[in-house]
1. Among the residues of the stretch 1-22, which ones are in contact with a helix residue (DSSP H, G or I) (Cβ under 7 Å, 6 or more places away or on another chain) and within 13 Å of Arg36 (Cβ to Cβ)?
2. Select from the stretch 23-51 the residues that are out of contact with any strand residue (DSSP E or B) (no Cβ under 7 Å at 6 or more places or on another chain) and in contact (Cβ under 8 Å) with a residue 40 or more places away in the chain and list them in ascending order.
3. Just checking, how many residues over the stretch 27-42 are more than 6 Å from the ligand (Cβ to nearest atom), within 21 Å of the chain's Cα centre (by Cα) and surrounded by fewer than 22 Cβ atoms within 10 Å (Cβ to Cβ)?
4. Name the single residue that is farthest from Leu174 (Cα to Cα) among those in the stretch 10-22 being within 6 Å of the ligand (Cβ to nearest atom) and free of Cβ contacts under 8 Å to residues at least 60 places away in the same chain.
5. What are the pairs, 6+ residues apart or on separate chains, where a residue within the stretch 76-89 that is farther than 13 Å from Thr120 by Cβ has its Cβ under 8 Å from a residue that is at pLDDT 95 or above and assigned to a loop (DSSP other than H, G, I, E, B)?
6. Can you find even one residue in the stretch 249-258 that is within 24 Å of the chain's Cα centre (by Cα) and either in a loop (DSSP other than H, G, I, E, B) or buried (at least 17 other Cβ atoms within 10 Å of the Cβ) (or both)?
7. Of all residues being free of Cβ contacts under 8 Å to residues at least 24 places away in the same chain and in a helix (DSSP H, G or I) in the stretch 52-63, which is farthest from the ligand (Cβ to nearest atom)? Just the residue, please.
8. Outside any strand (DSSP E or B), surrounded by 17 or more Cβ atoms within 10 Å (Cβ to Cβ) and within 8 Å of the ligand (Cβ to nearest atom), is that true of Ala72?
Amino acid sequence: MSKGRKIILAGGSGFLGRALAAQLVGAGDEVVVLTRRPSARIGALRTAFWDGQTKGAWCAELEGAHAVINLAGRSVDCRYTPLNRRLILESRLCSTRILALAIKDTATPPKYWVNAASATIYADTRGAAPANTEADGVIGEGLSVDVCQAWEAEFHRWTLPETKQVCLRVAITLGVDGGAMVPLMRLAKLGLGGKQGSGQQWVSWLHVDDFCGIVCAVIDGQLKGSLYNCASPHPVKNIDFMRAVRRAVGGFGQRFGLPIPKFLLKIGAWMIRTETELILKSRKVAPQNLIVAGYRFQYEALEDGLCSIAKA
Ligand SMILES: NC(=O)c1ccc[n+]([C@@H]2O[C@H](COP(=O)([O-])OP(=O)(O)OC[C@H]3O[C@@H](n4cnc5c(N)ncnc54)[C@H](OP(=O)(O)O)[C@@H]3O)[C@@H](O)[C@H]2O)c1
């Protein structure tokens, strides 16, 4: 059935945006991607130039749109130098702020404004401690948490009477075309797919099809809340996560998986200019609001999710 709605994807040229755009276009929606690189081709998608900071001709695209989905932000897969810290924070705050101002200017405002946020807002949660829910989760500390808090605060600062605002705390998302799976599968194929650090840290994960499913359920009016932890209901320990990755890649990588101790991870992260926090933080998150709302995950079990990715 053709839906024919206009959906704006700010920062929609990245991993999550491309997957979501494909799903929306497949359902008959018109998608416009706001990008800082208008000459870059994003499939057959229509693009509009923005800088993520200031108003411009792009604002007219929001007029009468059904939904604005904000996925813009400098990647956190980098060294946390002072410059990168500033870019990580500012790209999220500025894009959120300028979208709010643009929505305020519309005569026919979008019905929905969905902002990506991150499940890394919760504290490092180890062992048998309960998983963090939206209602009872413990907020953590440190750079990433500070960014997440400021990002959400900026989003909630705005009152837009005709636009439903929904914040998605997204867990590490697994898919074929980007995100964490690409380097992890590469490592596993090389025989380096053993546990990372102690292997006891929890990994909360989400299949990219469920990310798309959740956004679609929000903008279709099936999910009526304003905050959702977007993670599979079954977080796993890193040792089990990596075992499942090895099984999914098969062959040499399945038979041989060298564990990587913390000190080697630190050296490796420094060499490839990233941070170990992405791997070593223990992330235990429960999608309580999605479960209560009756959202049906396409991939609840890690093995099924990884199998679909490995086969693709
Ligand atoms: N993927 C995950 O596992 C995951 C998990 C939790 C949260 N998230 C959050 O979800 C959002 C989308 O994730 P993703 O994986 O799709 O990220 P991505 O692949 O890095 O895409 C993000 C997009 O943001 C735009 N961007 C980058 N720097 C920017 C800046 N300084 N100002 C404005 N826009 C900028 C880029 O678009 P242009 O270059 O075209 O402008 C880029 O394509 C991000 O905010 C991310 O933090 C992702």
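The values are calculated or read from the model by the stated rules, or taken from the named source; none is laboratory data. Nothing here was measured: the structure is a model prediction, and the numbers come from that model. No Cβ is skipped: glycine too gets one built from the backbone with ideal geometry, and neighbour counts run over all protein chains shown.
1. Start the filter on the stretch 1-22 by keeping residues that are in contact with a helix residue (DSSP H, G or I) (Cβ under 7 Å, 6 or more places away or on another chain), which leaves 7-12, 16, 19-20.
Hits for the stretch 1-22 are Ala10, Gly11, Gly12.
2. Matches in the stretch 23-51: Gln23, Ala27.
3. At the first step, the residues of the stretch 27-42 found to be more than 6 Å from the ligand (Cβ to nearest atom) are 27-34, 38-42.
Now restrict to residues that are within 21 Å of the chain's Cα centre (by Cα): 31-34, 42.
Right, trim to surrounded by fewer than 22 Cβ atoms within 10 Å (Cβ to Cβ) and you get 32, 42.
Here the count works out to 2.
4. The initial filter retains those residues of the stretch 10-22 that are within 6 Å of the ligand (Cβ to nearest atom), namely 11, 13-17.
In the following step, the residues that additionally are free of Cβ contacts under 8 Å to residues at least 60 places away in the same chain were identified as 13, 17.
Values: Ser13: 17, Gly17: 13 Å.
It comes out as Ser13.
5. So the pair list comes out as Asn84/Arg74; Leu87/Arg74.
6. Of all residues in the stretch 249-258, those within 24 Å of the chain's Cα centre (by Cα) come to 249.
Still in the running and either in a loop (DSSP other than H, G, I, E, B) or buried (at least 17 other Cβ atoms within 10 Å of the Cβ) (or both): 249.
Yes; the residues of the stretch 249-258 include at least one that is within 24 Å of the chain's Cα centre (by Cα) and either in a loop (DSSP other than H, G, I, E, B) or buried (at least 17 other Cβ atoms within 10 Å of the Cβ) (or both).
7. Step one: of the stretch 52-63, the residues free of Cβ contacts under 8 Å to residues at least 24 places away in the same chain are 56-57, 60.
Filter once more, so that each one left must be in a helix (DSSP H, G or I): 57, 60.
On the way: Ala57: 16, Ala60: 18 Å.
Only one residue fits best here, namely Ala60.
8. Numbers: outside any strand (DSSP E or B): yes; surrounded by 17 or more Cβ atoms within 10 Å (Cβ to Cβ): yes; within 8 Å of the ligand (Cβ to nearest atom): yes.
Yes: the conditions hold for Ala72.
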